[in-house]
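The values are calculated or read from the model by the stated rules, or taken from the named source; none is laboratory data. Keep in mind that this is a model prediction, so the values were computed, not measured. Using ideal geometry, Cβ is built from the backbone for each residue, glycine included, and neighbour counts are taken over all protein chains shown.
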Amino acid sequence: MRERLQYPPKFKVPVGWFFGCFSEDLSVGEAMPLEAVGQQLVIWRSDDGIAHVHDAFCPHLGAHLGHGGRSDGGRLVCPFHAWEFDPDGSCAAIPYSSRLNKQARLRRYEVDERNGLVMFWWHPAADVGPLWQLGQVTEWDDDDYTEPQRRQWEVAAPWQEIAENALDLAHFPYLHGTGMLPVLDSYEADGPLARVRTTQQYDERAGGAMGRIDTDSYGPGFNIVRFSGIVDTVLIGAVAPIDEMSTRITFSFTVKRASAEAFGSEEAAAAFTEKVGDAFVAEVGRQLEQDVVIWENKAHIPVPALAEGDGPVMQFRRWAEQFYVPTGATESAP
């Protein structure tokens with residue numbers, strides 16, 4: 001990740017649920033390194049199939065448990081001296097000692113695995129547990145929707161600058177060529193949950209069709225976006241701040257299958273779903289990659305000179321403030 005000297009280091013790592021890995025990428029018995037929220041972490045799956053996240057460095061002599069570590073008998077085993085740790089982070093066994101070191105503990109992070117994602121809870125105070133829960137995406141287990149397609153990017157920009165982009169309605173026709181200015185139907189914030197409802201005209205490649213984009217955000221790290229108008233598509237956007245100045249973005253898409261009745265056969269319906277779904281997913285990815293150029297080179301303007309049609313940028317910023325813990329605060333909720 002290149003240095004960002006021209007970008008004022010205003011933002012801290014926010015509090016929230018953040019992306020650890022895709023469920024399918026973490027096998028039983030496997031341990032993987034995870035760099036996120038300014039920390040070095042280990043993510044592993046015990047023999048009972050449950051995913052866990054802990055601080056990465058063994059408190060014995062500092063080996064990284066995600067590089068060569070493994071799960072054995074439901075415990076995380078260090079690759080250096082084979083010390084074993086229970087899922088709660090306590091030292092459970094030392095193979096060459098009859099006595100345990102009770103001071104040898106790993107910080108444990110709460111995990112929520114759903115929608116094909118392993119998400120973990122971050123707060124700088126270890127004793128502050130989850131302050132809200134994630135939403136369930138019912139389409140993920142619905143046979144009327146396709147198997148998910150996944151995309152991932154690492155961007156040299158803070159979480160807030162990236163998330164604000166969705167509320168900056170005026171940039172869509174000019175940067176992305178999406179037709180008319182999107183219409184904001186509503187923006188509602190209720191604690192960590194924010195709901196955005198917009199009407200959007202797609203560009204000429206999609207026939208200029210009108211559609212909707214309905215977004216539910218559960219804090220800074222997880223949002224559900226439902227697109228309609230061309231083909232019903234559900235996007236799960238899950239992010240993880242790598243540190244204060246860089247962000248890992250993951251998209252998971254599922255597309256509603258076309259009906260055989262409408263196309264005359266299962267084969268024709270499947271071909272249409274694949275063609276249109278793939279094109280739509282590619283278009284969302286194209287737009288994000290256009291945004292990356294802006295995000296990685298822009299400055300944060302604390303008091304922007306806004307115009308009518310810009311969207312609820314300042315409302316979003318007020319909502320985002322709740323996810324930053326004041327410097328020195330370790331026990332209070334954000």
Among strands (runs of 3 or more DSSP E) completely within segment 52-132, the ones holding 1 or more residues that are closer than 30 Å to Ile236 by Cβ, among the basic types (Lys, Arg) and touching a residue at least 40 places away in the same chain (Cβ under 8 Å) are 70-72
Matching option when the condition is part of a loop (DSSP other than H, G, I, E, B), assigned by TED's automatic domain parsing to the domain that holds Val255 and not hydroxyl-bearing (Ser, Thr, Tyr), among Glu147, Glu161: Glu147
For segment 240-263 the number of residues that are closer than 13 Å to Gln149 by Cβ and crowded, with 20+ Cβ neighbours inside 10 Å is 5
So Gly179 ticks every box in (1) part of a loop (DSSP other than H, G, I, E, B); (2) touching a Gly at 6+ places or on another chain (Cβ under 9 Å); (3) in contact (Cβ under 8 Å) with a residue 60 or more places away in the chain; (4) not hydrophobic (A, V, I, L, M, F, W, C) but one. Which box is left unticked? (3)
Collect the residues in segment 111-138 that are among the acidic types (Asp, Glu) and not assigned by TED's automatic domain parsing to the domain that holds Leu26, keeping them in residue-number order. Asp127
Do you know which of the residues in segment 211-239 that are of a type in the set (Phe, Trp, Tyr) and at pLDDT 95 or above is surrounded by the most Cβ atoms within 10 Å (Cβ to Cβ)? Phe222
Identify all residues within segment 98-114 that are touching an Asp or Glu at 6+ places or on another chain (Cβ under 9 Å) and buried (at least 16 other Cβ atoms within 10 Å of the Cβ); write none if there are none. Arg105, Leu106, Arg108, Tyr109
Scanning segment 18-51 for residues that are of a type in the set (Ser, Thr, Tyr) and outside any helix (DSSP H, G or I), which turns out farthest from Lys102 (Cα to Cα)? Ser27
For segment 295-334, how many residues are under 20 Å from the mean Cα position of the chain (by Cα) and modelled with pLDDT of 90 or more? 11
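Residue-wise test of (1) among the aromatic types (Phe, Trp, Tyr); (2) out of contact with any Lys or Arg (no Cβ under 9 Å at 6 or more places or on another chain).
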{"residue": "Asp72", "(1), (2)": "no, yes"}
{"residue": "Trp122", "(1), (2)": "yes, yes"}
{"residue": "Val137", "(1), (2)": "no, no"}
{"residue": "Tyr145", "(1), (2)": "yes, no"}
Please find, among Gly38, Gly66, Gly89, the residue that is in contact with a strand residue (DSSP E or B) (Cβ under 7 Å, 6 or more places away or on another chain), closer than 24 Å to Thr247 by Cβ and surrounded by 16 or more Cβ atoms within 10 Å (Cβ to Cβ). Gly66
